[in-house]
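The structure under discussion appears below in the form of structure tokens.
The values are calculated or read from the model by the stated rules, or taken from the named source; none is laboratory data. Being a predicted model, the structure only gives us computed values, none of them experimental. So basically every Cβ, Gly included, is an ideal-geometry build from the backbone, and we count neighbours across all protein chains shown. Accessible surface is based on the protein model in full, side chains and every heavy atom, while ligands, DNA and RNA are left aside. Shrake-Rupley method; radii C 1.70, N 1.55, O 1.52, S 1.80 Å.
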Amino acid sequence: MTAARPRVYVAQPLFAEVLAPLAAHAELAVEPVEGRRDAAALAAGLREADAAIVTIAERVDAAAIAGAARLRIVANVGVGYDNLDLAALRAAGIAASNTPDVLTDTVADFAFALLLGAARRVTEAERWLRDGQWQRWSFDRLLGRDVHGATLGILGMGRIGQAIAERARGFRMTVLYHNRRALPPALEQACDARRVEQDELLSRADFLIVAVPYTPATHHLIDAAALARMKPDAFLINIARGGVVDDAALAAALAAGRLGGAALDVFEGEPAVDPGLLAAGHVVLTPHIASASRDTRRAMVAMAVANVLAALGHGPQAGRPPNLVGG
Ligand code: 8YV
């Protein structure tokens, strides 16, 4: 008698050709339609599964895995994994993995796209042009802020923060950062960045990029008090997670003219966006696409596939999924 093939639940219709290697070893149950799974749909998908691939759109908590007796691994497609309840997974003996490194450069590129877009008012200028408002040329219209030579503050100096610092060199920016721990001196020198306390970072940055993971400790790290410490013409860029920035406080600060502008790829309660942010001027808003390049999104799925294959006992890392998180 041959053993039943394991079943892999994939919570979103991810690139079929990248998922294909799984089919040699497992039955694939891929959700056919994109979208946010409600708790019942997710629990139903996980119940029969030996492994699962999920995205930020799925919240994998104790209720979601309550009936998942065979589940061995939840492979998250994303470097951030605040959508996974690691304690619940650990208690149930289920491993969890993420997709570090493959997206670092793509996300750092996008952080600069947001920074430049906000500083030079790119999206605002395009809206103005498309609205048919360009009737005559004017010397002082849509004046932006210079990026070259400005002071860049990076809050969170992990891999992505360091890749952002590397890019800032080309703009001859002064780079300050804050991280719980200082980088080793050689790395700090390579990044040409200097560690300062958080308050100094807030008060000195012309452009502040938020690049910390979302945890209970970083919830509303940028709140009304933090925003009040920033220069009145500074720009805030959030590529981390909604929830690290208090969006309502940011909207209020922008409405009161207490910041130069903002650029946000992530939002509290996304895909909903605070109406105050939608209404604010000098703001660039994008729908959580910092890692969304053609190659990187595929590489992220391939990494999740490798983690699942390893958890199911296949491939060079059989039994040792390479990107486990949560101890
Ligand atoms: C992904 C991200 O879009 O990696 C992350 O943490 O936020 C993004 O790269 C998201 O995780 C998709 O699931």
Diffing region 182-199: the Karplus 3J(HN,Hα) column from phi (6.51, -1.76, 1.60, θ = phi - 60°), in whole Hz with x for Gly and Pro, holds 5, 5, x, x, 5, 6, 4, 5, 5, 7, 6, 10, 10, 7, 10, 5, 4, 5
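Using 1/(1 + (r/R0)^6) with R0 = 56 angstrom and r between the beta carbons of Gln189 and Ala256, what's the FRET efficiency to the nearest 0.05?
Working: r = 40 Å, r/R0 = 0.71.
The value I calculate is 0.90.
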Which is the longest stretch in the chain that no exposed loop site breaks, taking sites as GluC sites (Glu not before Pro) with a DSSP loop state and at most 12 other Cβ atoms within 10 Å? 35-196
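Could you pull out the trypsin sites (Lys or Arg not before Pro) across region 20-50 that fall in loop regions by DSSP (anything but H, G, I, E, B) with no more than 15 other Cβ atoms inside 10 Å? Spell out each step's value before the answer.
Values: sites: Arg36, Arg37, Arg47; in loops: Arg36, Arg37.
Of the trypsin sites (Lys or Arg not before Pro), the ones in loops of region 20-50 whose Cβ has at most 15 other Cβ atoms within 10 Å are Arg36.
Calculate the all-directions average of the projected area of region 104-285's alpha-carbon convex hull, and give it in nm². Before the final figure, lay out the partial values.
Numbers: hull surface 42.5 nm².
Answer in nm², one decimal: 10.6.
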For region 148-155, Karplus couplings with θ = phi - 60° (6.51, -1.76, 1.60), whole Hz, Gly/Pro x: 4, x, 7, 9, 9, x, 10, 9
Based on the alpha carbons, how large is the Rg to Rh ratio for the chain when Rh follows Kirkwood? 1.02
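Whole number in Å², please: accessible area per residue of region 104-285, 1.4 Å probe, ligands, DNA and RNA not counted. Present the calculation step by step, with values, prior to reporting the outcome.
Values: 8860 Å² over 182 residues.
On a per-residue basis, 49 Å².
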Amide H to amide H under 5 Å from Asp274: which residues, 5+ apart in sequence or cross-chain, H placed 1.01 Å off N in plane? none
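Based on the mean of other Cβ atoms within 10 Å per residue, sort peptides 128-137, 7-16, 305-314 so the most packed one is first.
Working: 128-137: 8.7, 7-16: 19.9, 305-314: 22.6.
The most tightly packed comes first, giving 305-314, 7-16, 128-137.
Considering just Cα atoms, how many Å³ per residue does the convex hull of region 1-151 enclose? Before the final figure, lay out each step's value.
On the way: hull volume 26.8 nm³, N = 151.
Per-residue hull volume (Cα only) is 178 Å³.
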Amide H contacts under 5 Å for Arg195, restricted to residues at least 5 apart in sequence or on another chain and with H modeled in the peptide plane, are Tyr177
Over the chain, with a Gaussian network built from C-alpha contacts below 10 Å, which listed residue (Ser291, Ser138, Ser97) shows the highest mean-square fluctuation? Ser138
What is the percent carbon and sulfur in the accessible area of the chain, measuring with a 1.4 Å probe over the protein chains and ignoring ligands? 55
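Given the DSSP H assignment, sum -39500 (n - 2.57) over each helix run of at least 4 residues in the chain and divide by its residue total; what's the result at 222 nm in deg cm²/dmol, nearest 500?
Rounded to the nearest 500, it is -9500 deg cm²/dmol.
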Considering the chain as a Gaussian network with a 10 Å cut-off on Cα pairs, which listed residue, Ala304, Ala125, Ala253, attains the greatest mean-square fluctuation? Ala125
Cut-off 10 angstrom, C-alpha nodes, Gaussian network model of the chain. Which of Leu277, Leu42, Leu187 fluctuates the most? Leu187
Considering only protein heavy atoms, what is the solvent-accessible area of Met230 at a probe of 1.4 Å, reported in Å² to the nearest 10? 10
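Assuming 0.36 nm per residue, please report the length gained on full extension of the stretch Ala66 to His220 beyond their Cα-Cα distance. Can you show the working numbers first?
Values: separation 154, 0.36 × 154 = 55.44 nm, distance 3.04 nm.
So the extension gain works out to 52.4 nm.
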Under a 5 Å amide H to amide H cut-off, with H placed in plane at 1.01 Å, what residues pair with His220 once short-range neighbours are removed? Val244, Val245
